[in-house]
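Shown next, in structure tokens, is the structure this report addresses.
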Amino acid sequence: MQTVGTVAALRRIVGEWRRNGSTIALVPTMGNLHAGHMRLMEGAKQQADRVVVSVFVNPTQFVAGEDFDAYPRTPEQDQRKLREAGVDLLFLPEVAELYPADPATMTFLEVPELSGDLCGRFRPGHFRGVLTVVCKLFNQVQPDVALFGEKDYQQLTVIRRMVADLDLPLRIVGVPTVREPNGLALSSRNAYLTAAETENAALLYASLREAAEAVRRGRNDFDQIEAEGLSRLRLGGFRPDYFAVRCRDHLATPKPSASDLMILAAAWLGRARLIDNIAVDR
Ligand code: PAF
């Protein structure tokens, strides 16, 4: 595996692969890689001849007061895992490489219809930072395909929308969430949980499953289902941001007869803000 820190070096290597006829998959990450990320790498190897992984803790997607400085950074460990996983190229830039200009004065991307809702409501400006860095990475690597985890379902949805709206020439593939045995979705932010909180955190997915089961059995009083989810989380010691039943495609509020649904939740437990979701067909 080669490791580069500059866009110029990245372009040189990827350009040569492309001239040789290879297809390229990109997995953008913020590092501190866990089994959920490694599932993305496995998927990437099935999708293309060459796999590029970026590890970059993107400052523009952290809202004021969030954990940018504290976000776990484990570059040596990440490098070892990526090498073992057979990744071809690691792009590990410094902040100044991706943001040579002051971010306050530069161009940003936004999907207004989706960016201010759900997580965007509680993290204003977050998706603007995600979309901008992801679009920059797409332009730098020019991959045929890019892979993202379904745990961050709203992120996956806004990225798909950006790709469609801007005619970006690549495919986006969503990869299923990897979970602890108790159901907790793997996330770098789980490191903020104490041992007791990690056990208790199983309630987030359990509440989503319960709501999904109710919808599957025919309930369509979605407001009530959301209220029950919020109250279950509060009783379990969480401080929920939202618990929402949405259309799966565009995350709009569903009509009672809607069939392809997604239930999404975000809630704080101790120092950790956890997000998760579950798809419901009926
Ligand atoms: O999901 C993440 O880790 C980040 O939001 C991403 C997509 C790498 C952009 O910084």
Residues MET106, MET162, sorted so that the one with the fewest Cβ neighbours within 10 Å comes first: MET106, MET162
Set of lysines with alpha-carbon distance to LYS81 below 20 Å, sequence-local pairs under 8 removed: LYS45
Label-point separation in nm, ALA164 to ALA196, each point 7 Å along Cα→Cβ: 4.6
For GLU150, distant residues with modelled amide H under 5 Å away: VAL175, THR177
Of TYR192, LEU33, PHE243, farthest towards positive along the dipole that unit charges on Lys, Arg, Asp, Glu beta carbons give the chain: LEU33
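Relative contact order of the range 1-131: what whole-number percent is it, with Cα pairs under 8 angstrom and at least 6 residues apart? Show your work: numbers first, answer last.
Values: 175 pairs, mean separation 41.2, N = 131.
Relative contact order, the range 1-131: 31 percent.
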DSSP beta bridges in the chain [antiparallel fraction, %, rounded to 5]: 50
ASP102/THR74 FRET efficiency (R0 30 Å; Cβ-Cβ; nearest 0.05): 0.60
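Every number in this text was worked out from the coordinates using simple rules, so none of it is lab data. Remember, it's a predicted structure, so these values are computed and weren't measured experimentally. Using ideal geometry, Cβ is built from the backbone for each residue, glycine included, and neighbour counts are taken over all protein chains shown.
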